[in-house]
Amino acid sequence: MSLKKSGADYARHEIRQMAGYVPGRQPLPGSKTVKLNTNESPFSPSPAVIQALSQVLANSDLLRRYPDPQSLELRRVAAALVGCSADQVIAGNGSDELLRILLDTFVEEGEQVAFFSPSYSLYPVLTRIRGGSAKILPLFQDGALYQPQLDGIKLFFLTSPNAPLGFSFSNDYIRQMAENLDGILVVDEAYADFALENALPLINELDNLVILRTLSKSYGLASLRVGLGFAGAALINELDKVRDSYNLDRLAQVGARAALADQAYLQKTVALVIQERQRLTSDLQEMGFTVEPSQTNFIFVTPPDGCAADTLYSDLEKAGILVRYFSDPQLSHGLRITIGTRDEMDQLIIVIKELMAS
Ligand SMILES: Cc1ncc(COP(=O)(O)O)c(C=O)c1O
């Protein structure tokens, strides 16, 4: 018998011990599934994006060359939109890459990385890969928002609006947390375009605050993988040293720029999503569901007594409708449903009514 280890055995201890992140299911293109499980936009991106991408593809010489390593034009457009300067913006290959860059920049082996549970389930996975120590905090205590003890925390990931519950933290809460934290507060605002308030204005006030945005949800560009980080210029400069030099490909930079430049389209599609969110909420409430108030493009719903969430999930799946079920005991009583088009929401309601009547 050979004593030589297999290749996999050389993986770091932490990596061998951990389970990888499990993303929501992505059915193959062309499948007839009504896909309401990963909070994508139900709308195509702005026509200006398609036009800009076509122009790149029509010029094969552009594809031969490396893209701008700084994503400068994209950062300029993003900065102008929010009223800051380009050196206060970093662009990432999705906001997921920015989370990883933040951990690599700020967290030494064994240092504490805090986040609420439930929130985005990628945080513990990335923290473990980095070798940080995850501090998992409850969202609520005695019916009120939990006010965590912040001593010893190096990096705090705060999802606002929260996923998967959908509520926003107030700017007062965020300001207070940043002021009391001897470390970096990252507010992951993946869903902020659907919310009434956001924390972007606070970046000029708090130099340990980072705001993350993504074009994967409200802009309908999950496939291009573009995230943006906003903070003070000195902090962004540190993140920039850790970033891969060509982290955004040319199509992503060009497409994202065109998407950001078409704010009228964003506003129109976001308004339609919010309208459907309100309609679905009241339809489900009428059927006895409890619906968490949402500032996002999804709702977290608890079915009425006698209708188990996991059974409803499987029955919907059999009927060709994919929503998200989490087995985490804090969430296993409910389902997260992404807001789709009017037709998709009508279809969902019809199927739920049929299932509940049977
Ligand atoms: C809270 C939160 N942050 C970040 C992301 C990832 O965004 P991106 O597609 O930009 O990597 C998601 C995606 O589901 C999310 O829910």
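If you filter segment 212-265 down to residues that are basic (Lys, Arg) and either outside the structural domain of residue 150 (by TED's automatic domain parsing) or within 28 Å of residue 174 (Cα to Cα) (or both), you find that the one that is surrounded by the fewest Cβ atoms within 10 Å (Cβ to Cβ) is 241.
Considering (1) in contact (Cβ under 8 Å) with a residue 60 or more places away in the chain; (2) loosely packed, with under 14 Cβ neighbours inside 10 Å; (3) in a loop (DSSP other than H, G, I, E, B), the lone condition that residue 28 does not fulfil carries the number (1). Can you tell me which residue among 167, 156 is of a type outside the set (A, V, I, L, M), in a loop (DSSP other than H, G, I, E, B) and out of contact with any Phe, Trp or Tyr (no Cβ under 6 Å at 6 or more places or on another chain)? Answer to the check: 167. One residue alone among 242, 254, 186 is within 15 Å of the ligand (Cβ to nearest atom), farther than 28 Å from residue 278 by Cβ and touching a residue at least 24 places away in the same chain (Cβ under 8 Å), and that residue is 186. One residue alone among 122, 181, 209, 196 is buried (at least 19 other Cβ atoms within 10 Å of the Cβ) and either within 16 Å of the ligand (Cβ to nearest atom) or closer than 20 Å to residue 228 by Cα (or both), and that residue is 209. Among the conditions (1) in the same structural domain as residue 326 (by TED's automatic domain parsing); (2) modelled with pLDDT of 95 or more, the only one that residue 33 does not satisfy is (2).
Criterion applied to 49, 77, 22 was being surrounded by fewer than 14 Cβ atoms within 10 Å (Cβ to Cβ) and under 24 Å from residue 189 (Cβ atoms), and the one residue passing it is 22. Return yes or no: is residue 62 among the hydrophobic types (A, V, I, L, M, F, W, C) and either surrounded by fewer than 11 Cβ atoms within 10 Å (Cβ to Cβ) or under 30 Å from residue 192 (Cβ atoms) (or both)? Here the answer is no, as residue 62 does not meet what is asked. Within segment 222-236, the residues that satisfy the criterion of being within 12 Å of the ligand (Cβ to nearest atom) and out of contact with any helix residue (DSSP H, G or I) (no Cβ under 6 Å at 6 or more places or on another chain) are 222, 223. Suppose we keep only residues that are among the β-branched types (Val, Ile, Thr) and assigned to a strand (DSSP E or B) within segment 89-104. Which one would you say is farthest from the ligand (Cβ to nearest atom)? Residue satisfying both the conditions and the ranking: 89. Is at least one residue of segment 273-293 buried (at least 16 other Cβ atoms within 10 Å of the Cβ) and among the small types (Gly, Ala, Ser)? Within segment 273-293, none of the residues are buried (at least 16 other Cβ atoms within 10 Å of the Cβ) and among the small types (Gly, Ala, Ser).
The set of residues in segment 140-166 being hydrophobic (A, V, I, L, M, F, W, C) and either modelled with pLDDT under 95 or exposed (fewer than 14 other Cβ atoms within 10 Å of the Cβ) (or both) consists of 140, 144, 145. With respect to the conditions (1) over 23 Å from the mean Cα position of the chain (by Cα); (2) within 16 Å of the ligand (Cβ to nearest atom), residue 68 falls short on a single one, namely (2).
The values are calculated or read from the model by the stated rules, or taken from the named source; none is laboratory data. For clarity, every value in this text was computed on a predicted model and none was experimentally measured. We place every Cβ from the backbone using ideal geometry, glycine too, and count neighbours over all the protein chains shown.
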